[in-house]
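For reference, the structure discussed in these notes is given below.
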Amino acid sequence: MRIPVLAVLAVAMVLSATPVKAQTYDPRYPVCLQTYGIGGGSIGCDYTSLAQCAQSAAGRGAQCFTNPYFAGAPAGPIVRRPRGGY
């Protein structure tokens, strides 16, 4: 009796699960827009410049900020220069 009940509960848990977005900040874009509202707000990182984001935020309860998780351009090799003698 216990095994069928556990099986039904396990199936119910799996079917009731909803997919969620794992990361709020998209590392592909350097600028994010945070909107505010009565029902809540949201953050969308879909902008390549602060000017582009500011035009989208104009007239709304929103603000633009730099993406703290922006991956940026791939870093080149580290060049170490020899120190000069004293």
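The values are calculated or read from the model by the stated rules, or taken from the named source; none is laboratory data. Just so we're clear, the structure is a prediction, and the values are computed from it rather than from any experiment. Cβ coordinates were reconstructed from backbone atoms using ideal geometry, including for glycine residues, and neighbour counts include every protein chain displayed. Surface areas here come from the heavy atoms of the whole protein model, side chains and all, with no ligands, DNA or RNA. Shrake-Rupley method; radii C 1.70, N 1.55, O 1.52, S 1.80 Å.
A few comments on the model shown:
- Residue within region 45-55 that is open to solvent by less than 70 Å² (accessible area, probe 1.4 Å), in contact with a Cys (Cβ under 9 Å, 6 or more places away or on another chain), in a strand (DSSP E or B) and modelled with pLDDT under 95 present: yes
- Residue identified as at pLDDT 95 or above and either basic (K, R) or more than 19 Å from G72 (Cβ to Cβ) (or both) among T35, T18: T35
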